[in-house]
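The values are calculated or read from the model by the stated rules, or taken from the named source; none is laboratory data. Please read these numbers as outputs of a predicted model, since none were measured by experiment. Ideal geometry is used to build each Cβ from the backbone, glycine not excepted, and the neighbour counts take in all protein chains shown. Side chains included, ligands, DNA and RNA excluded: accessible areas come from the protein's heavy atoms. Shrake-Rupley method; radii C 1.70, N 1.55, O 1.52, S 1.80 Å.
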Amino acid sequence: MNDDLRHGGALDAMREAFPAAPTPWLDLSTGINPFTYPDTATRSSSATDLPGRALISRCSQAMAAAFGAPQRGLLLAPGSELLIRLLPTILAPRSVAVLSPSYGDHAQLWRAAGCRVIEDADPLAFAEDVDAVVLCNPNNPDGRCFSAGDLHAARSALAKRGAWLIVDEAYADLDPALSVAQAAGEAGLLILRSFGKFYGLAGVRLGALLGPSSALEAMSERLGAWPVSGVALELGARAYADLGWQRDTRARLAKSRERLTAILTENGLDAGRGTNLFAYARAADANELWQRLGKEGVYVRRFSWSTTHVRIGLPPDRAAEERLARALRR
């Protein structure tokens, strides 16, 4: 059972690996908001018609406004995962410094593209030496954050040499002050944004690339004429414009994270790191903990590169919190 080592969400594989586990499974492996954006009704035409320019523009405007970014510096996409895979086709760096530990696809895909990849806890330190610096802010899985000031300084140094700062802001909706989206369009800066995590609608497949027009045009050519479905555009336009829900959800997530931290701490785990969507917890034996929770029907994220860490997402309700606590006690 290694399907979970690359990403969370391998629930079918968990069912096969732990056939005697109680059901339904409690999936805490993905770091996706369990308090889903509620207004998901869409017009039938969004599913039956090709997306028109008005709907595309409405979603783009709402997204840019929510990010504090100029609309001209934003390109809609079917999620950020595809953008990560396509970036090596629009850029040609020879050397890339990637934050580590972090979302593993970044280093893997640049290495597959033939780049010399430096994985380091401080990738900004290489801004004078490499052709691109890649990091997540906030970082997945440990929640580490980089200040906007440090990122702007690194972008400036990289841009002077024609190099790039690539910032994956998949979790930036949790704390908009961390985002550098207001600088979208400046030389040497590319930003990846994801809809599914904060809004709890990962299956909608919506995201964006923010950057200079030349990069957006090159990516647009690869994505094609209708890369985002009408359903995704309608939901994105509505959710990104719902500032009240966003504000209330940030407060709700913070309280839920406090309860999760208390549960983990009471059961001997060091749970001080992470974000308000997940805890990055230290355990004496992460694989043993993962196995023990799997037998209880609780799925958490383990890592191939650490035997002492697991990532645990927010339980969706108090009953799920109690179930996690019982499983940990056992």
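Okay, here's what the table says:
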| item | result |
| --- | --- |
| Reachable lysines from LYS197, criterion Cα separation under 19 angstrom, eight or more residues apart if same chain | LYS255 |
| Per-q log10 I(q)/I(0), the stretch 62-171, q = 0.10, 0.16 Å⁻¹ (Debye; single scatterer per alpha-carbon; no solvent) | -0.27, -0.74 |
| Taking the C-alpha atoms of the stretch 109-156, convex hull volume expressed per residue in Å³ | 81 |
| Trypsin sites (Lys or Arg not before Pro) restricted to the stretch 131-186 and DSSP loop, no more than 15 other C-beta within 10 Å | LYS160, ARG161 |
| Cα extents of the chain along the three principal axes, largest first (Å) | 56, 51, 34 |
| Accessible surface, per residue, of the stretch 153-210 when the full set of protein chains is kept, probe 1.4 Å, Å² | 27 |
| Theoretical FRET efficiency, 1/(1+(r/R0)^6), r = Cβ-Cβ of ALA284 and ALA41, R0 51 Å, to 0.05 | 0.60 |
| Sequence-separation-based contact order of the stretch 2-90, relative, with Cα cut under 8 Å and 6+ spacing, percent | 14 |
| Sum of -39500 (n - 2.57) over DSSP H runs of 4+, divided by residues of the chain (222 nm, nearest 500) | -12000 deg cm²/dmol |
| Accessible surface of TRP110 - all protein chains present, 1.4 Å probe, nearest 10 Å² | 10 |
| The stretch 271-313: chymotrypsin sites (Phe, Trp or Tyr not before Pro) in DSSP coil with no more than 12 other Cβ atoms inside 10 Å | TRP305 |
| Set of aspartates and glutamates with alpha-carbon distance to LYS295 below 14 Å, sequence-local pairs under 8 removed | GLU16, ASP27 |
| Accessible-area composition of the chain, carbon plus sulfur, in percent [1.4 Å probe] | 49 |
| Mean Cα-pair separation over length for the chain, i.e. relative contact order, pairs under 8 Å, 6 or more apart, % | 25 |
| Diffusion constant of the stretch 1-89 at 25 °C, which comes from Stokes-Einstein with the Kirkwood Cα-pair radius and 0.890 mPa s, µm²/s | 143 |
